[in-house]
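Asks: Dropping a structure here in structure tokens format, bear with me for questions.
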Amino acid sequence: MRFKGKTAVITGGSSGIGRATVDLFLREGAHVIMGDINVDEGTAMMSSLGDSFHFQQCDVTQEDQIKALMDYAAETTGGIDIVFNNAGAGGPRDRIDEISGNDWDFAMALLLKSVAMGIRHATPYLKKRGGAIINTASICAFQAGFGPIAYSTAKAGVLHLTKLAAAELAQHKIRVNAICPGFIQTNIFAATVGANKEEALQINAIMGQAAASVQPIARPGVPDDIAETVAYLASDATGFVTGTHILVDGGLLVGTPASWNPEAPGLLDAIVPEHLR
Ligand code: NAI
């Protein structure tokens with residue numbers, strides 16, 4: 001019961017990483033206020049998750065709706081202790097020589113401004129008793145090739161925003177950190193390419209099979225892997241940790257496959273004649 005008596009606001013909690021975090025925080029004793037655009041799922045969760053759970057419709061691209069979510073959380077439970085700025089989607093997939101300004105603006109509103117405004121409108125409440133903010137970034141913040149360009153740029157922005165906000169808010173006993181998930185089996189990939197339910201299952205199954213060849217930990221990432229790390233960053237165990245991030249990626253970013261798999265071709269294989277290897 002790490003969060004007994006605490007209020008946690010979680011965005012994007014009707015699916016995937018956010019949903020696993022809602023469930024974990026409820027098990028750990030928190031009041032959870034969840035904001036999401038998926039009203040059907042949010043309403044269904046209201047009837048199944050009990051009195052400690054509240055759903056408020058919230059489109060995180062809209063600042064007034066983020067403010068309303070934070071106000072509702074504080075009015076309903078008496079304050080806010082933890083905020084998980086997590087809602088997101090893959091957004092436009094256009095390359096840099098194709099993307100329109102409007103699509104770029106949408107990606108930034110969904111993935112970066114939403115986090116800034118989440119921090120902005122939670123802070124008046126968090127200041128009253130201190131707290132923790134966790135923002136969802138991504139491995140896409142570090143390297144090309146894992147996600148669309150607008151998405152990846154926004155996620156890199158989330159990391160820098162996390163640092164800057166941590167610096168400004170430490171005086172109010174508010175810690176700000178980020179998590180960087182690797183490939184986690186959720187609905188995000190299917191939603192990004194417009195796949196139907198059956199195709200979505202296929203995509204996640206293929207991700208499971210591919211895990212062993214893309215990262216040292218040879219299993220797919222699951223939403224609980226991220227939820228546990230979010231809980232760690234929200235807990236007193238990390239009371240001296242702020243302005244940083246944790247990669248939760250099964251080691252995907254440690255290096256090329258040759259660094260963990262002796263069978264995988266490495267740089268030497270590409271440049272050195274076979275008899276000299
Ligand atoms: P998901 O698709 O399962 O969940 C995303 C949630 O965000 C859904 O509940 C959806 O309704 C909500 N959402 C989407 N647009 C919204 C909006 N405008 N306002 C409010 N809610 C909105 O995806 P997943 O994977 O759980 O994604 C959660 C976060 O994790 C996102 O920020 C994503 O970019 C990030 N992430 C996911 C990775 C993965 O491999 N699944 C890897 C790295 C980062």
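The values are calculated or read from the model by the stated rules, or taken from the named source; none is laboratory data. Everything numeric in this text was worked out from a predicted model, so none of it was measured. Please note: Cβ atoms are built from the backbone with ideal geometry, for glycine as well, and neighbour counts cover all protein chains shown. These accessible areas exclude ligands, DNA and RNA; they are computed on the full protein's heavy atoms, side chains included. Shrake-Rupley method; radii C 1.70, N 1.55, O 1.52, S 1.80 Å.
Asks: Could you say which residue among Y151, Y125 is closer than 27 Å to G255 by Cα and of a type in the set (F, W, Y)?
Replies: Checking each option against the conditions leaves just Y151.
Asks: Could you check, for the stretch 202-225, whether at least one of its residues is in contact (Cβ under 8 Å) with a residue 12 or more places away in the chain, touching a Leu at 6+ places or on another chain (Cβ under 8 Å) and within 26 Å of I10 (Cβ to Cβ)?
Replies: Yes, that holds for at least one residue.
Asks: Kindly provide the set of residues from the stretch 41-68 that are open to solvent by 40 Å² or more (accessible area, probe 1.4 Å), in contact with a His (Cβ under 6 Å, 6 or more places away or on another chain) and either of a type outside the set (S, T, Y) or within 10 Å of the ligand (Cβ to nearest atom) (or both), ordered by number.
Replies: Listed by number, the list holds a single entry, K67.
Asks: While we're looking at this one, here's another question. Quick check on the stretch 10-40: of everything there that is assigned to a strand (DSSP E or B), within 17 Å of L110 (Cα to Cα) and of a type outside the set (S, T, N, Q), which residue is nearest to the ligand (Cβ to nearest atom)?
Replies: My answer is D36.
Residue-wise test of (1) small (G, A, S); (2) without any contact (Cβ under 8 Å) to a residue 12 or more places away in the chain.
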| position | (1), (2) |
| --- | --- |
| N86 | no, no |
| R95 | no, no |
| E98 | no, yes |
| L111 | no, no |
| I133 | no, no |
| S138 | yes, no |
| A144 | yes, yes |
| A167 | yes, no |
| R175 | no, no |
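Asks: Okay, next question. Would you mind listing the helices (runs of 4 or more DSSP H) fully within the stretch 87-204 where at least 1 residues are within 11 Å of the ligand (Cβ to nearest atom), hydroxyl-bearing (S, T, Y) and buried (at least 20 other Cβ atoms within 10 Å of the Cβ)?
Replies: 114-129, 149-169
Asks: Moving on to the next point. Going by the structure shown, is S14 surrounded by 20 or more Cβ atoms within 10 Å (Cβ to Cβ) and either in contact with an Asp or Glu (Cβ under 9 Å, 6 or more places away or on another chain) or in contact (Cβ under 8 Å) with a residue 12 or more places away in the chain (or both)?
Replies: yes
Asks: I'm trying to understand the selection: among the residues of the stretch 205-224, which are near the ligand (Cβ under 10 Å from one of its atoms) and assigned to a helix (DSSP H, G or I)?
Replies: M207, P223, listed by residue number.
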